[in-house]
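Following: one structure in structure tokens, then a few remarks.
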């Protein structure tokens, strides 16, 4: 905040009082020549301060937040100029690059802002150079000021669903834009991927009064819980998959067979994780716990992996991350379309069991 | 927001003084008119938007009641005269005052 002329003037006067050699300037007229000079100097300093203040305001330091704001402010249009990949030209104005939006209505401008979600982080080089590393607890890296590469994850919203921006056209234009506005020498890695694959396995003790379980499937569910994973794999390989015989309405509300409280709670929770937010096992369990008719939810297995391209071989064995308490999806979000949830429903009947 | 017409030989500081009572409003005045240039001359044909609160009301009143309009910009004639200093007091030894 720039000081006022009066403040500057007072400071000069105070300083003058401290100098014995200036005692001769003692004319107490309000328009004494030395007072006028003080006023002139103070005004010059004030003008300078105002200009510096304004410049500082419009040329802000390029922090991670600045990158995020710039990404969200990206306008995408159809190319008119062959040199530019964008209809709205980027012009230098007021000390920064801005999109020239003259002649466009507000809604047109709003529509051209394709990036709805953006997360910017800085990751140390080690993580970058080793892309095969398992999704691990890199959250702490985000908060340590490690010099490295600026990572920008972006996504848009299509049909009210979060999805990646159009590759390659939109992504190419966006990369050009960032290349133009970023600081010289900075490494910026931009990605917009499909949502990560997520596979969940749960054992859920449910209230048999409100959630439907076909009695013939009880044995299967019980065996899944009591049998260790390694043995189960052998059984499944030998026998015909008993999973296919399960009643599809298992887990639905007895009062409304279209509502599956566990699945709905999981989907709802995943949808509400903020973009590039961490998936936390405990929070998911908490969310399921709150659903109707659920007594004890136990998360037994979590598998995740980055999505593969549609043309590539689908990834059938995602990395097991059950032991990790929280992680951040590689793309910034999970693909809820291809979410796989396996639930073992067990009726909650402990009170009748022998102690 | 109202608009005013600058008078001949008024600069942006004069207008700030006339309308707001102090030159400390000059940057607000510029902001209202979508510019950021205090050195450029203003034109009598270009209306200026005003309408903020005065910085020093007594000074605004003083100018209003006496119908005074400060105009301290240099005329072209004055600028021409200023540019052509010469003679004793203005010459610099070995720059434009050279003895051969």
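Against the list (1) more than 30 Å from residue A:320 (Cα to Cα); (2) in contact with a strand residue (DSSP E or B) (Cβ under 7 Å, 6 or more places away or on another chain); (3) touching a residue at least 60 places away in the same chain (Cβ under 8 Å), the condition residue A:187 fails is (3). Select from region B:6-38 the residues that are part of a loop (DSSP other than H, G, I, E, B) and in contact with a strand residue (DSSP E or B) (Cβ under 8 Å, 6 or more places away or on another chain) and write down the one among them that is nearest to the other protein chains (Cβ to nearest Cβ). It comes out as B:33.
For residue B:74, are the conditions met, namely being closer than 18 Å to residue A:50 by Cβ and surrounded by 12 or more Cβ atoms within 10 Å (Cβ to Cβ)? In short, no.
Per-residue answers, yes or no, for (1) in contact with a helix residue (DSSP H, G or I) (Cβ under 9 Å, 6 or more places away or on another chain); (2) surrounded by fewer than 10 Cβ atoms within 10 Å (Cβ to Cβ); (3) within 19 Å of residue B:19 (Cα to Cα):
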residue: B:41; (1), (2), (3): yes, no, yes
residue: B:44; (1), (2), (3): no, no, yes
residue: B:51; (1), (2), (3): yes, no, yes
residue: B:56; (1), (2), (3): yes, no, yes
residue: B:64; (1), (2), (3): yes, no, yes
residue: B:67; (1), (2), (3): no, yes, yes
residue: B:82; (1), (2), (3): no, yes, no
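Picking from residues in region A:1-25 that are more than 11 Å from chain B (Cβ to nearest Cβ), in contact with a helix residue (DSSP H, G or I) (Cβ under 8 Å, 6 or more places away or on another chain) and not in a helix (DSSP H, G or I), the one that is farthest from residue A:47 (Cα to Cα) is A:25.
Note on region A:336-348: residues that are surrounded by fewer than 20 Cβ atoms within 10 Å (Cβ to Cβ) and either under 23 Å from residue A:306 (Cα atoms) or in contact with a strand residue (DSSP E or B) (Cβ under 6 Å, 6 or more places away or on another chain) (or both) total 8. If you go through region A:27-59 and keep only what is in contact (Cβ under 8 Å) with a residue 12 or more places away in the chain and within 30 Å of residue A:173 (Cα to Cα), you end up with A:55, A:58, A:59.
Values quoted throughout were computed directly from the atomic coordinates according to the rules given, and no laboratory measurement underlies them. The structure presented is a predicted model; accordingly, all values stated were derived computationally and were not measured. Note that each Cβ is placed from the backbone with ideal geometry, even for glycine, and that neighbours are counted across all protein chains shown.
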